[in-house]
1. Once a ≥ b ≥ c are taken as the square roots of the eigenvalues of the Cα gyration tensor of region A:108-151, is the result rounded (a/c under 1.5), prolate (a/b larger than b/c) or oblate (a/b not larger than b/c)?
2. What accessible area per residue, rounded to a whole number of Å², is obtained for region B:1-139 using a probe radius of 1.4 Å?
3. Take the alpha carbon gyration tensor of region A:19-60, find the square roots of its eigenvalues, order them as a ≥ b ≥ c, and report rounded if a/c is under 1.5; if not, report prolate when a/b exceeds b/c, else oblate.
4. Please give the calculated 222 nm ellipticity per residue for chain C, where each DSSP H segment of at least 4 residues contributes -39500 (n - 2.57) and the sum is spread over every residue; nearest 500 deg cm²/dmol?
5. For C:Ala98, place a label point 7 Å out from Cα along the Cα→Cβ vector, do the same in each other copy, and report the separations in nm, one decimal, smallest first.
6. Is there a pair in B:Lys97/C:Lys196; B:Lys170/B:Lys196; B:Lys170/C:Lys48; A:Lys191/B:Lys95; B:Lys189/C:Lys317; B:Lys51/B:Lys170 whose C-alpha atoms are over 31 Å apart, and which pairs would that be?
7. In the neighborhood of A:Ala313, defined by Cβ-to-Cβ distances under 14 Å, what is the net charge if each Lys or Arg adds +1 and each Asp or Glu adds -1?
8. Averaged across A:73-84, how many Cβ atoms of other chains sit within 10 Å of each residue's Cβ atom?
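The values are calculated or read from the model by the stated rules, or taken from the named source; none is laboratory data. Just so it is clear, the structure is predicted and the values come from calculations on it, not from any experiment. Please note: Cβ atoms are built from the backbone with ideal geometry, for glycine as well, and neighbour counts cover all protein chains shown. What goes into the accessible areas is simple: the full protein's heavy atoms, side chains included, and nothing from ligands, DNA or RNA. Shrake-Rupley method; radii C 1.70, N 1.55, O 1.52, S 1.80 Å.
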Amino acid sequence: MTSPMFTLGELAERLGATLRGAADRSISGLASLEEAGPQQLSFLANPKYRKFLSETRAGALLLTPDDAESYGGDALILADPYLAYARLSHLFDPKPKASPGIHPTAVIAGDAVVDDRASIGAYSVIESGVRIEAGVVVGAHCFIGARSRIGADGWLAPRVTLYHDVRIGKRVVIQSGAVIGGEGFGFAKEKGVWIKIAQNGGVLIGDDVEIGANTTIDRGALADTRIGNGVKLDNQIMIAHNVQIGDHTAMAGCCGISGSTQIGQRCMIAGGVGMVGHIEVCDDVFVTGMTMVTRSISQPGAYSSGTAMQPAAEWKKSVARIRQLDDLARRLQQMEKRLATVTSGGDGSSEA
Amino acid sequence: MTSPMFTLGELAERLGATLRGAADRSISGLASLEEAGPQQLSFLANPKYRKFLSETRAGALLLTPDDAESYGGDALILADPYLAYARLSHLFDPKPKASPGIHPTAVIAGDAVVDDRASIGAYSVIESGVRIEAGVVVGAHCFIGARSRIGADGWLAPRVTLYHDVRIGKRVVIQSGAVIGGEGFGFAKEKGVWIKIAQNGGVLIGDDVEIGANTTIDRGALADTRIGNGVKLDNQIMIAHNVQIGDHTAMAGCCGISGSTQIGQRCMIAGGVGMVGHIEVCDDVFVTGMTMVTRSISQPGAYSSGTAMQPAAEWKKSVARIRQLDDLARRLQQMEKRLATVTSGGDGSSEA
Amino acid sequence: MTSPMFTLGELAERLGATLRGAADRSISGLASLEEAGPQQLSFLANPKYRKFLSETRAGALLLTPDDAESYGGDALILADPYLAYARLSHLFDPKPKASPGIHPTAVIAGDAVVDDRASIGAYSVIESGVRIEAGVVVGAHCFIGARSRIGADGWLAPRVTLYHDVRIGKRVVIQSGAVIGGEGFGFAKEKGVWIKIAQNGGVLIGDDVEIGANTTIDRGALADTRIGNGVKLDNQIMIAHNVQIGDHTAMAGCCGISGSTQIGQRCMIAGGVGMVGHIEVCDDVFVTGMTMVTRSISQPGAYSSGTAMQPAAEWKKSVARIRQLDDLARRLQQMEKRLATVTSGGDGSSEA
């Protein structure tokens, strides 16, 4: 693979940035301040890395006007260097580009509609009634179930499973191993035995959604499971049947959201969070890592559960004390009463 | 896909329900009270939805005799509407039905035995000595390792991996991405280096088991990992080597069960629960979400760990206090002693 | 499958063990003390199983010199029976051995280099620029992305995904469903909308690494995600972009490690542990199950968070009390003050 190559001037133009330095400087990639070499562009977004400004060997930097004053080298100056880095990152992505067309080994149902500008990978299987729009790339070993639809310009990494009746918007990215539309965990009990409930709903996914590796999103039991526009789901997340997630909510890895729970817009759910079923979380909620959300949240803000990490020996003491807490609280209350008696009673007895 | 169509009379007969209303009413599907239309059947199982009875546009309802009295429309009346819904749900499942037969792209070892009434999907790979019984559906991209067996009427969604020597009972459902029989995490240490222990056992799975998407069940180290009859495992569960799970136990998503742990019958393990290895959990135990089970449980009942969710600012205070708990408890004890001294000493001094 | 067969003498020689008993005794497998029969070898490693020594029907035992004194039957005597068991376990592994060669259904790019002594499974897809060394086994349905490399004698179970630019050392084992090199969770925010950051780094994995079923290791954003030599990762672990894990660290199932976190050498991370991003954990740290690691650890030792499991009724009280903890602590402090006043004031008033 030969690296792509841009001049600093080209990059300034793309970003609408103020260029300081050599417009014809060649840039072949991006790197951190510490690791960048003379042909690489770097950026300062986190103030804690400001100390590296004086030492960086980067060919040029993405900088705010303020930071640019304390740096002497070539720079692209703009308001949000991190966002600029995000934009430019795609120029240097080494991910192979798929060409339009259908790999000869793909098994495609006769009535599936695949746009000529889509790319279908080796050994993929596409079932009856599927519709795949222009610009979609379906990786090797993908399975697209009956009547599912993938909107324009989506990317399915190799080995993604969509069950039947999964409708996906435009520009959706799904990483390898994700399973969309699996049968949710629905059972009725009859004399101690679980009777399966068929999962007859589908999954509806908006535009610009990202779904991480080995994440699972179950189909609805009656109606659809729904993922809003711009939602970003990290790896190994479990979304149960009939969950609804609002637009632009982001969720980090290993979260588990139980059935029929509704999460609002622009929420940020950190890694390992669990939510019970049938609750509602309003817009603009931030949940910290590994929190167990056991009830609805109706006020925006940050929420947490759990205890802080301690050295194990200290932690054992804390844990033992937590078990005694109810007892401790009762003893405290009794003491308060006794102390009140002593104070007043003491006064009384001294007066008696 | 054209929807299946039944008359209300047919459904009453299937269920053995008392029919009230038009026996010839057409029913093409199931929906919630809120969303159902005139051709759909709905049900009331959760009392909190009783308020929707007066507004529902459903063609008919599954109702208990009591609830039927407060509803004027067509109804199928029976003891357990939720169970009835579970039963009927399969009539309206839009999941494509596989036809018996072997897809021409399947790679099947010469000595594997596949019943004529089984269905083997595209690009599946079936190794030596496998036996697949009548009515089994193996989805596309499945891998069935050497000598594994799948009992009658099972369903493997696309892309399920069974390693070698996995024996599965009748009517078992395995969702996409599940891995059964992977090599457990067994290592001996030699001078700071981990030496792998070959995992020579298999996996034994009973009848009527359900295994969720991306769930993993490791093979045993010496003997088999064992999953009992009627066990229901949700998505993204991790069952380590030599775990045993008793009949009719249900486990929600994202649980992790460590090696050689034994779980009894009819347990209900909520989402995100972790269990350490080599413990025993008796029958009829309920473990709440995200609990860490660190010791054996010998009494039926409900068990929990963790702390309640709080707004993050309050939570930080709680967390800081938990770290101080041992100190707080000691101070409480000292105060009790001092208070006892004060009380008796105060009396004494007042008498002196 | 016919079992392999060894004489006790052959096994003694392999292990350098002292043989006591019949050198020509046939051994066809390994089993626990309780389950072993006359043709099976067993071992005593955990003192709690010593009670089974008198009853075992095993043909012979792996024993320390001390334990051998209290056992009358045939034995292989050596310092570390568990390590000896690990060594011998591979002799009896029923896992089918793959033969070198490329399955005719494999799709391999013209410029990929596959050693003649490697084995490539059915329906695997190997992209441009890949290099696969001697003795590697690539299972069915694997996908090896562009320019990735697999060192000698590795084993990829069926259905493993390597994205592009993943470099793997020698003797690496990857279980089914693992995804290496997925795109990390990197987004910049622009007016409330998440903008994706291309993930341009790769993944670098050392020698003798084991990666469990459905574990995901994301590629780096700029530089590589790095997994050291001898690292053992269990199932369903999530390693985010730019994480670094030191040599011989072991991590049990369901852990989640956030972006750019660095873990030292010889650490042991129990199941379900979560770590926040951008922290450093030093060498020789042990983290107990389901701990949330929220800050860097600079001292070797054991660390924990969470609370102990309780019966749910007691737990509810503890949880309620934890919410009151800040209040309890304040009341305790007030009482201490009042008690001090009472004690001194009481003395004063009695003197007055």
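1. Values: a/c = 1.61, a/b = 1.06, b/c = 1.52.
In terms of gyration-tensor shape, oblate.
2. Details: 6780 Å² over 139 residues.
Each residue of region B:1-139 exposes 49 Å² on average to a 1.4 Å probe.
3. On the way: a/c = 2.15, a/b = 1.68, b/c = 1.28.
Verdict is prolate for region A:19-60.
4. On the way: 5 runs with 61 residues, N = 352.
Result for chain C, helices only: -5500 deg cm²/dmol.
5. 2.4, 2.4
6. Working: B:Lys97/C:Lys196 39 Å; B:Lys170/B:Lys196 34 Å; B:Lys170/C:Lys48 38 Å; A:Lys191/B:Lys95 28 Å; B:Lys189/C:Lys317 43 Å; B:Lys51/B:Lys170 41 Å.
Distance filter (> 31 Å) returns B:Lys97/C:Lys196; B:Lys170/B:Lys196; B:Lys170/C:Lys48; B:Lys189/C:Lys317; B:Lys51/B:Lys170.
7. Numbers: positive: A:Lys316, A:Lys317, A:Arg321, B:Arg323; negative: A:Glu314, B:Asp326.
That sum, taken over residues with Cβ under 14 Å, equals +2.
8. Details: counts 0, 0, 0, 0, 0, 0, 0, 3, 1, 5, 6, 1.
Shielding by partners across A:73-84 averages 1.
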